[in-house]
Amino acid sequence: MRYLERELPAIGVAVPAVLEELGAQVIRPGLWDELRGLQEAKQIIDRRVILPLAEPALAARHAVSPPKAIVLFGPPGTGKTTFAKGIASRLGWPFVEIDASEIAGEGAERQAKLLAESFARVRNDLATTVVFVDEVEDLAAARTEQRKVSPSVANEFLKQIPRLRELSEHLLVCATNWVSRLDSAFLRPGRFDYVLPVGPPDAEARRAIWSRYVEEITDLELDLDALAADSALFTPADIEFAARKAAQHAFEREHFEGATHRATQRDFLTAIADTRPSLSQEILEAFDADVERFARY
């Protein structure tokens, strides 16, 4: 008896060379499960976006159309990019980011061409992918706003969306801090299935995010409720910054003073006090108004 084995590449998995040429990433498995806090946004994205794409046969049985394009909106630092990468991780699809600001920095004649070429390569070379466009207002701002790109590139972007929608295992995720600045024609249901808010973390979410960093940085029992209360206007990015600052305090204390204990409650509270929050009451009120006006799921 002779046993022969031949390894075949999995169907739909792009070869590394193609991924590298496109600047694509393969997001490590488990990132979605590691996202803590912001449970409301996570649940909406999981149920409306990920599940229909992950279980197409079940979706078809119930006449549910898997989404092809979504918009994530919310204040800066709330985790829109992390959510987009989490979707790619959960689905096991490559993640490709198209940099709107980079395209906007090119000459007017090249902008539309660069955008068309980027989308053509994604469609032709990747069997599955999450295409991410951050700061999409740079490409699709309302006509009354000052645009960073020419109208021709905005029109080209609008032409590319239906072409990408024709593919069954491609998802376009656009993110913006300023959903009110987007062209109303850009947001219509025929182009985007959902317009999803990713808001600032509430007290429970902040506690969950602090827990993640506290477990990593110290072995002491800390009052997480106090940390959450003192960081009321913090985004997830602010919390990470403050946590790293607390770790730095403990590191420097041991180096210069010989203290052997890791970061303490005081280190964390001091770091919070020394960190300028990204949010304000005005930003929160504007976000709530945007949710009322634009959210669609």
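Annotations for the structure displayed:
- The range 228-271: C-alpha gyration tensor shape, a/c 1.5 cut-off, then a/b vs b/c: prolate
- The chain, relative contact order in percent, only Cα pairs under 8 angstrom and at least six apart counted: 22 percent
- Which label in [x] 6, 23, 24, 20, 13, 8, 5, 1, 0, 0; [y] 6, 24, 29, 23, 13, 5, 1, 0; [z] 6, 29, 36, 23, 5, 0 gives the computed P(r) over Cα pairs in 10 Å bins from 0, in percent: [y]
- Rounded to the nearest 20 debye, the dipole magnitude of the range 203-273 is 160 debye, with +1 charges on Lys and Arg beta carbons, -1 on Asp and Glu beta carbons, and the Cα centre as origin.
- Note on the chain: helix-only mean residue ellipticity at 222 nm, from DSSP H runs of 4+ residues weighted -39500 (n - 2.57) and normalised by residue number, equals -14500 deg cm²/dmol.
- Cα-Cα over 21 Å, subset of Lys42/Lys80; Lys80/Lys113; Lys85/Lys159; Lys113/Lys159; Lys80/Lys159: Lys80/Lys113; Lys85/Lys159; Lys80/Lys159
- Dipole of the chain, positive direction: furthest Cα of Leu227, His261, Val173, with charges on the beta-carbon: Val173
All of the numbers you see were taken from the coordinates with simple rules; none came from a lab. Quick caveat, the model's predicted, so the values are computed rather than measured. As a convention, Cβ positions derive from the backbone with ideal geometry for all residues, glycine included, and neighbour counts pool all protein chains shown.
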